[in-house]
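**Q** Sharing a structure, written as structure tokens. Questions coming.
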């Protein structure tokens, strides 16, 4: 299945490493002009070294006005991947106000701000568009000691459905991808520990965790015209975890 984004401008948040970097690289391969947004300039510079055509946008997503101004500076935008996110693993009684504020700011508030800004441009240009939000299986199934993380990802799913309803008439599609554990560099460090990994693997029918390319392929499909009739969906990339 050939997918071509020639002539499209794609914004990817959290693009300097892990899943975000994989998405940015794949979109470049598919012909898109990619704007890679991240808070880490050194990491973005490394991406630029390997992918010279990528455009860089250094901004802290927790800063509402700075984020909106930065995104407006790279208009027009046709495709958006809201990938940036953070996670902590703590029981409910250990959660602090700072943890709450930080996680909801990055995982939810920033995602809403990026989406709002990008959609404003699409509507003003009367242009179609596609947005994919990176959610998690944790939005649909309880994970032990992930109370706060589950709450943020549940918010992403609900926001995805609501915006899909609102902007469908403008031919703007909004979906999300809900992965299981993904074997990023950090994922391998945490989940290669049998005490962490084995209980989770036992709940996955395919008996393996996701690789970065598994998530990338789902995202690229949903951004493409091959998914022209798909909006408001939450696509699990979980090896069957949510089927159990």
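The values are calculated or read from the model by the stated rules, or taken from the named source; none is laboratory data. Nothing here was measured: the structure is a model prediction, and the numbers come from that model. A quick note on method: Cβ atoms are made from the backbone with ideal geometry, for glycine too, and the neighbour counts reach across all protein chains shown.
Conditions (1) under 21 Å from residue 83 (Cβ atoms); (2) touching a residue at least 40 places away in the same chain (Cβ under 8 Å), marked per residue:
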{"residue": "194", "(1), (2)": "no, no"}
{"residue": "199", "(1), (2)": "no, no"}
{"residue": "205", "(1), (2)": "no, no"}
{"residue": "210", "(1), (2)": "yes, no"}
{"residue": "237", "(1), (2)": "yes, yes"}
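**Q** Of the conditions (1) out of contact with any strand residue (DSSP E or B) (no Cβ under 7 Å at 6 or more places or on another chain); (2) closer than 18 Å to residue 9 by Cα; (3) crowded, with 19+ Cβ neighbours inside 10 Å, residue 31 clears all except one; give me its number.
**A** The failed condition is (3).
**Q** Here's another thing I want to ask about it. Going residue by residue through segment 2-11, is there one that turns out to be surrounded by fewer than 24 Cβ atoms within 10 Å (Cβ to Cβ) and in a helix (DSSP H, G or I)?
**A** No, segment 2-11 contains no residue that is surrounded by fewer than 24 Cβ atoms within 10 Å (Cβ to Cβ) and in a helix (DSSP H, G or I).
**Q** For segment 16-26, state whether one or more residues are assigned to a loop (DSSP other than H, G, I, E, B), under 17 Å from residue 131 (Cα atoms) and at pLDDT 95 or above.
**A** Start the filter on segment 16-26 by keeping residues that are assigned to a loop (DSSP other than H, G, I, E, B), which leaves 16-17.
Next, from what is left, pick out any that are under 17 Å from residue 131 (Cα atoms): none.
No, the conditions are met nowhere in segment 16-26.
**Q** If you check 184, 163, 152, 147, which single one turns out to be closer than 24 Å to residue 102 by Cβ, crowded, with 16+ Cβ neighbours inside 10 Å, at pLDDT below 95 and in contact with a helix residue (DSSP H, G or I) (Cβ under 7 Å, 6 or more places away or on another chain)? Quick ask: steps written out before the conclusion?
**A** Details: 163 fails: at pLDDT below 95; 152 fails: at pLDDT below 95; 147 fails: at pLDDT below 95.
Testing whether each residue is closer than 24 Å to residue 102 by Cβ, crowded, with 16+ Cβ neighbours inside 10 Å, at pLDDT below 95 and in contact with a helix residue (DSSP H, G or I) (Cβ under 7 Å, 6 or more places away or on another chain) leaves just 184.
**Q** Among 210, 227, which is at pLDDT 95 or above, within 30 Å of residue 126 (Cα to Cα) and buried (at least 19 other Cβ atoms within 10 Å of the Cβ)? If you could, list the steps in order and put the result at the bottom.
**A** Numbers: 210 fails: within 30 Å of residue 126 (Cα to Cα).
Only one candidate passes the filter, namely 227.
**Q** Looking only at segment 43-87, how many residues end up being surrounded by fewer than 17 Cβ atoms within 10 Å (Cβ to Cβ), without any contact (Cβ under 8 Å) to a residue 24 or more places away in the chain and in a loop (DSSP other than H, G, I, E, B)?
**A** Going through segment 43-87 one residue at a time, the tally reaches 5.
**Q** Taking the options 93, 105, name whichever one is closer than 25 Å to residue 164 by Cα and in a helix (DSSP H, G or I). Before the answer, list the steps.
**A** Values: 93 fails: closer than 25 Å to residue 164 by Cα.
Just a single option satisfies the conditions, and that option is 105.
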